[in-house]
Structure formats: C-alpha cells, structure tokens
Amino acid sequence: MANPLTLMLPIIPGTSVATLSGVLEQYVPQLYAGLESVGTVHYARAIFLDTSKANLLPTGIFSNGPFVIAIITEYDGDFDTYIEDFVSAIGDVFNAVLPYVVGGAALVPVANNVSAFQAFLAQNDASQQPPNNVALAESYTATVQQILAALPGSAATSTASPVPNA
C-alpha cells in the first residue's frame, strides 16, 4: 500500500522562486539517482505556490510571493524509514533547500538531525493533518519493487511474484 506525503513548506519571505528553482536544478541528477536508489517512491514532484494569489499559481519565476514549496510523493513503507532512506540518499539536497524554508536552517545538516527532521516533515505534511488525512485512493496495490520486477526485460521478472490486481 502506498502512502502519501504532501509536504507544505513556507519559504522565507523575500526568497524568490528563481533562487530556489536554481538551487533545486543543481540537484536534479542527484534527486533522480536518490529516487531510484531508495526504490520505494511511486511519484514525486515539487511545485511552488504563491500564497498572495487566489489560485496559488505564481505568475512566473519572478513572482513576489510569499511562497510555499509543496513536495508531493507517494511511497511504499513507513514514514520514518522513508525519510531515513532519503536523508542517506539525498541529504545534500535537503541541506541546500532547508535554509530557504521557515524553520529549516536549524535542521541542517539533516544527517545530524534525523529525528528533528522527521518531526518537522510530519508537522508540515498536509496528508497527515485533518481534514486532509483521508485514505489515499489507489488504482493498484503493487509496490515499486513489484512493479519494477514485472517490467519486461527486468532481471527480476523470472523470480518476482506477479503484480497484484487492484
């Protein structure tokens, strides 16, 4: 069963989307490698929300904000293990982004503050807060590892159990 994470992180006032986008762009290869190595993430994306706009959509990278960065993922397993895996795989990305997040600088480096980082993320996870903590609708119940094993040409295809039907 997949679990949702809808992380809503307020950006320090005065920080531009262009600045934070530039920081994130530097880490795209490491992010992709981290997602692959962790092996439990179904989907992940980050979006910027402009809280001064009724529809929350920034008017471009030079919008004035204030902003929230939303990190939205679906993952297998429990929350604490998921975060520990990401701290190991892409801790440098968190270390680069958190100084721009309200309350985030105190968590850097995340490798030295794993418990506090987990608590901070849980506190800012809209998926776990009422009224947003309703069940995640799933079209399938297969884990990422089961899906990967079932792909044609996968070395694990011949030994993996079949992907369950929803």
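The values are calculated or read from the model by the stated rules, or taken from the named source; none is laboratory data. Because the structure is a prediction, the values reported are computed rather than measured. Every residue, glycine as well, gets a Cβ built from its backbone with ideal geometry; the counts of neighbours run over all protein chains shown.
Within region 32-43, work out how many residues are under 10 Å from the mean Cα position of the chain (by Cα) and either surrounded by fewer than 16 Cβ atoms within 10 Å (Cβ to Cβ) or not hydrophobic (A, V, I, L, M, F, W, C) (or both).
1
Restricting attention to region 6-33, which residues are in contact with a strand residue (DSSP E or B) (Cβ under 9 Å, 6 or more places away or on another chain) and either farther than 14 Å from Ile69 by Cβ or outside the structural domain of Pro99 (by TED's automatic domain parsing) (or both)?
none
Residue-wise test of (1) under 15 Å from the mean Cα position of the chain (by Cα); (2) under 18 Å from Pro99 (Cα atoms).
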{"residue": "Leu9", "(1), (2)": "yes, yes"}
{"residue": "Val23", "(1), (2)": "no, yes"}
{"residue": "Asn64", "(1), (2)": "no, no"}
{"residue": "Ile72", "(1), (2)": "yes, no"}
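Do any residues in region 11-34 that are touching a residue at least 12 places away in the same chain (Cβ under 8 Å) have Cβ atoms under 8 Å from those of residues that are in a helix (DSSP H, G or I) and among the acidic types (Asp, Glu), where the two are at least six apart or on different chains, and which pairs are they?
Final answer for the pair search is Tyr27/Asp92; Gln30/Asp92.
Go through (1) at pLDDT 90 or above; (2) farther than 18 Å from Pro4 by Cα; (3) of a type in the set (S, T, N, Q) and name the single condition Ser161 misses.
Of everything listed in (1) at pLDDT 90 or above; (2) farther than 18 Å from Pro4 by Cα; (3) of a type in the set (S, T, N, Q), Ser161 misses just condition (1).
So that you can scan it fast, the table gives a plain yes or no per residue for (1) hydrophobic (A, V, I, L, M, F, W, C); (2) in a loop (DSSP other than H, G, I, E, B); (3) within 30 Å of Glu138 (Cβ to Cβ):
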site	(1), (2), (3)
Thr6	no, no, yes
Thr15	no, yes, no
Leu20	yes, no, no
Tyr32	no, no, yes
Leu35	yes, no, yes
Ala46	yes, no, yes
Leu49	yes, no, yes
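Within region 105-121, can you find the residues that are touching a residue at least 12 places away in the same chain (Cβ under 8 Å), crowded, with 16+ Cβ neighbours inside 10 Å and of a type outside the set (Val, Ile, Thr)? Lay out the reasoning, then the answer.
Within region 105-121, the subset touching a residue at least 12 places away in the same chain (Cβ under 8 Å) is 107-111, 114, 117-118, 120-121.
Next, from what is left, pick out any that are crowded, with 16+ Cβ neighbours inside 10 Å: 107-108, 110, 114, 117-118, 120-121.
Those that are touching a residue at least 12 places away in the same chain (Cβ under 8 Å), crowded, with 16+ Cβ neighbours inside 10 Å and of a type outside the set (Val, Ile, Thr): Leu107, Phe117, Gln118, Phe120, Leu121.
Give the residues of region 49-97 that are of a type in the set (Val, Ile, Thr) and surrounded by 15 or more Cβ atoms within 10 Å (Cβ to Cβ), sorted by residue number.
Step one: of region 49-97, the residues of a type in the set (Val, Ile, Thr) are 51, 59, 61, 68-69, 71-73, 81, 83, 87, 90, 93, 97.
Passing the criteria: Val68, Ile69, Ile71, Ile72, Thr73, Ile83, Val87, Ile90, Val93, Val97.
Check region 72-84 and report whether any residue there is touching a Gly at 6+ places or on another chain (Cβ under 9 Å), within 30 Å of Ile147 (Cα to Cα) and assigned to a helix (DSSP H, G or I).
Kept after step one, since they are touching a Gly at 6+ places or on another chain (Cβ under 9 Å), are these residues of region 72-84: 76.
Then keep just the ones that are within 30 Å of Ile147 (Cα to Cα); that gives 76.
Subset that is assigned to a helix (DSSP H, G or I): none.
Within region 72-84, not a single residue is touching a Gly at 6+ places or on another chain (Cβ under 9 Å), within 30 Å of Ile147 (Cα to Cα) and assigned to a helix (DSSP H, G or I).
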